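**Student:** Have a look at this one.
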Amino acid sequence: MIYDLAGYFIHKINFVNPIKGSIEEKVWQLNQVDPGVYFANITAWNGSESETVILKVAVIH
């Protein structure tokens, strides 16, 4: 999930059927996104445990 600085939801990126142990990449199309700072809330799970990180993302056009 992507949120702006005020905490408003901006975008959701789904990973469908990820392969265990693999590195997954997704592209966030920024042509409809204003420049600024956003937060990416990323959760990974293995079926019994999950881990969440929040990353700060800067968008500059």
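The values are calculated or read from the model by the stated rules, or taken from the named source; none is laboratory data. Keep in mind that what you see is a predicted model, and the values were worked out from it rather than measured. Cβ sites come from the backbone with ideal geometry, for glycine too, and all protein chains shown count toward neighbours.
**Student:** Which of the residues belonging to the stretch 14-61 are in a strand (DSSP E or B) and among the hydroxyl-bearing types (Ser, Thr, Tyr)?
**Tutor:** 38, 43, 50, 52
**Student:** Still on this structure, I have one more. Do you know which of the residues in the stretch 1-17 that are surrounded by fewer than 10 Cβ atoms within 10 Å (Cβ to Cβ) and at pLDDT 85 or above is farthest from the chain's Cα centre (by Cα)? Let's see the steps before the verdict.
**Tutor:** Here is the first cut: in the stretch 1-17, the ones surrounded by fewer than 10 Cβ atoms within 10 Å (Cβ to Cβ) are 6-8, 12, 14, 16-17.
Now restrict to residues that are at pLDDT 85 or above: 6-8, 12.
Details: 6: 16, 7: 14, 8: 14, 12: 7 Å.
Selected residue: 6.
**Student:** Separate question: Could you list, ordered by first residue, the pairs with Cβ atoms under 8 Å in which the first is in the stretch 1-15 and touching a residue at least 40 places away in the same chain (Cβ under 8 Å) and the second is assigned to a loop (DSSP other than H, G, I, E, B) and loosely packed, with under 10 Cβ neighbours inside 10 Å, at least 6 apart or interchain?
**Tutor:** Sorted first by the residue in the stretch 1-15, then by its partner, the pairs are 1/12; 2/12.
**Student:** A follow-up question, please. How about the stretch 18-61: which of its residues are surrounded by fewer than 12 Cβ atoms within 10 Å (Cβ to Cβ), touching a Lys or Arg at 6+ places or on another chain (Cβ under 9 Å) and at pLDDT 90 or above?
**Tutor:** 37
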